[in-house]
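Colleague: Okay, here's the structure, questions in a sec.
Nothing in this text is a laboratory measurement; each read-out follows from the coordinates by a stated rule. Given the structure is predicted, the values throughout are model-derived calculations rather than measurements. Reconstructed Cβ throughout: ideal geometry from the backbone, glycine too, with neighbour counts over all protein chains shown.
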Amino acid sequence: MSSLEFTLLVGMGSLFAGFLGSLTGLGGGVVIVPLLALLFHIDIRYAIGAALVSVIATSSGAAAAYVREGYSNIRVGMFLEIATTCGALAGAALALHLRVSVISIIFGVVLIYSAITSLRQKTDPSRDLGPDKIATWLRMDSTYPTKNGLTKYHVRNVPAGFAIMFIAGILSGLLGIGSGAVKVLAMDQAMKLPFKVSTTTSNFMIGVTAAASAGIYLTRGYIDPGIAMPVMLGVLAGSLIGARVLAGAAVRTLRIVFSLVIGFLALEMIYKGFSGKI
Amino acid sequence: MDQGMVHSIDQRLDQIMSIILRTGVLLAAFLVVTGGIVSLLRHNTTVMNDRNFHGEAQQLRTIPGILHQALAFQGPGLIQLGLLVLIATPVARVLFSVFGFLYEKDWTYVAVTLIVLAILSYSLFGTH
């Protein structure tokens, strides 16, 4: 395989991953690492470095649109970024010391969790539990656009959200993924943010979290230009196309298929990890 | 300052933030595409030997090294510079937020944002 063939194949694969990731809301990063590691037999550390970079590209591109629409809560995002960036530094440091097979197994487990949560029905639970002391002090309560105009909401449980975000940061730094599923868990379940607010704020935070660990990956020499180039461009282009496709009934079916594919890749990563073949 | 006033400033800050993000991603993509074309035309990619891990060369993992390579119009150097711009994009957004919160005299969030900025700077410029 020549350099050109390699670039085109990885680029096409990344385009497809970015397209499906943005259409299903799972993100392109989650399939990039198994794709590179299992299909192209690229060392998992290079795969994670390339995935991190592509995660920054898609999250920044998408956040540019969301921020203007007024959904994301910038105060909540900024405060929780203390937790995710600290976690990301810890995760990147862990990645330098853990064995590749161990990283592969953890990756598989997180993939399965992401796939399962993406299949769950997303509804805004019965809420507004009223103001919370810490959230009020941090001026986190805000409004978001709904069919009935701007609707107010209250933020709850900041310490629990902060703790879960630290874990999300570790996973992001260790595995090169946005860990959107864990971020949404913190904001949606613990902090009781409306669904649309938690997903867009999560997206807004992913870029900053990934940048924190990408700096370490770069200075450690884990980001290879020949691999990162087609991955970053492919995932970015794919996610831009995905964002333009109207979300219709087919998306539900697509999400199930994509989750099954991810589940299969996850099992493969776990198996390879245990058998030491990665 | 009344509530409506704060809201319109917030919206303006959001718009500038959106422009920063978009410009950063576009500039990064442009540099990466240019670097990719230069690399492939000159056949000087090391892609094939790099599939097994040995870490990048020193000049492709430090900021001065990358700048030097990119200015020499080396393909891999241009790609790394593009990736560096990409990593710097969220950092620029955080930096801009510091000014936004300063403008709103929201001291709690000036502090919060400075902490995030310090962590990011450590990642990019620290010795690991």
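Colleague: Taking the alpha carbon gyration tensor of segment A:17-159, what are the square roots of 5 times its eigenvalues, largest first, to the nearest whole Å? Please report the intermediate quantities before stating the final value.
Modeller: On the way: eigenvalues 220, 70, 45 Å².
Here the semi-axes work out to 33, 19, 15 Å.
Colleague: Evaluate E = 1/(1 + (r/R0)^6) for B:L102 and A:F195, where r is the Cβ-Cβ distance and R0 equals 45 Å; express this FRET efficiency to the nearest 0.05.
Modeller: On the way: r = 32 Å, r/R0 = 0.71.
After rounding, the FRET efficiency stands at 0.90.
Colleague: Would you grab the residues whose amide H sits under 5 Å from the one on A:T151? Only those 5+ places off in sequence or on another chain, please, with H modelled 1.01 Å from N.
Modeller: A:Y144, A:T146
Colleague: Hey, another quick one. Could you give the length gained on full extension between B:H68 and B:Y122, defined as 0.36 nm per residue of separation minus the Cα-Cα distance, in nm? Write out the running numbers ahead of the final one.
Modeller: Numbers: separation 54, 0.36 × 54 = 19.44 nm, distance 2.21 nm.
Between B:H68 and B:Y122, full extension yields an extra 17.2 nm.
Colleague: Round to a whole angstrom and tell me the spacing of the C-alpha centers of segment A:132-183 and segment A:27-87.
Modeller: Cα centroid of segment A:132-183 versus Cα centroid of segment A:27-87: 17 Å apart.
Colleague: Inside 10 Å of the C-beta atoms of B:93-102, what's the mean count of C-beta atoms belonging to other chains? Spell out each step's value before the answer.
Modeller: Working: counts 8, 6, 0, 0, 6, 1, 0, 2, 3, 0.
Mean shielding by partner chains, rounded to a whole number: 3.
Colleague: While we're looking at this one, here's another question. I need the P(r) histogram for segment A:127-256: all alpha carbon pairs, bin width 10 Å from 0 out to the longest distance, whole percents.
Modeller: Spelled out per bin, shortest first, that is 11, 31, 32, 21, 5, 0.
Colleague: Say R0 is 25 Å: what FRET efficiency, to the nearest 0.05, do A:R252 and A:Y113 get from their beta-carbon distance? Display every interim value, and only then the final one.
Modeller: Numbers: r = 20 Å, r/R0 = 0.80.
Computed FRET efficiency for A:R252 and A:Y113: 0.80.
Colleague: I've got another one for you. Please compute, for peptide A:229-241, the average count of beta-carbon atoms on other protein chains lying within 10 Å of each residue's beta-carbon.
Modeller: Working: counts 16, 3, 0, 10, 7, 0, 0, 5, 1, 0, 0, 1, 0.
The mean count of partner-chain Cβ atoms within 10 Å per residue comes to 3.
Colleague: What average count of beta carbons from other chains do you get within 10 Å of the Cβ of residues in A:45-58? If you can, show how the numbers build up before the last one.
Modeller: Working: counts 2, 6, 0, 0, 2, 1, 0, 2, 6, 1, 0, 9, 8, 1.
Partner Cβ neighbours, averaged per residue: 3.
Colleague: Sum -39500 (n - 2.57) across every DSSP H segment of at least 4 residues in chain A, then divide by the residue count to get the 222 nm mean residue ellipticity, nearest 500.
Modeller: Details: 11 runs with 197 residues, N = 278.
Only helices count here, giving -24000 deg cm²/dmol.
Colleague: Further question: How compact is chain A by the rule of thumb for globular proteins, expressed as Cα Rg over 2.2 N^0.38 Å?
Modeller: Working: Rg = 18.2 Å, N = 278, 2.2 N^0.38 = 18.7 Å.
Output field value: 0.98.
Colleague: Using R₀ = 35 Å, calculate the FRET efficiency as 1/(1 + (r/R₀)^6) where r is the Cβ-Cβ separation of A:L96 and B:I37; round to 0.05.
Modeller: Working: r = 33 Å, r/R0 = 0.94.
The computed FRET efficiency comes out at 0.60.
Colleague: Using +1 on the beta carbon of Lys and Arg, -1 on that of Asp and Glu, and nothing else charged, what's the dipole of the protein assembly as shown about the Cα centre, debye to 20? Write down the numbers at each step before the final one.
Modeller: Working: 28 positive and 18 negative charges, 100 e Å.
Charge dipole, the protein assembly as shown, about its Cα centre: 480 debye, nearest 20.
Colleague: What is the spin-label model distance, in nm, from A:E5 to A:V245 if the labels are put 7 Å beyond Cα along the C-beta direction?
Modeller: 2.9
Colleague: Starting from the Cα of A:T143, step 7 Å along the direction of its Cβ; do the same at B:F30; then give the gap between the two resulting points in nm.
Modeller: Placing both labels 7 Å beyond Cα along the Cβ direction yields 3.8 nm.
Colleague: Run the reach check for B:K105 against lysines, Cα to Cα strictly under 30 Å, same-chain hits fewer than 8 apart removed. What comes back?
Modeller: Cross-link targets: A:K133, A:K152, A:K183, A:K192, A:K196.
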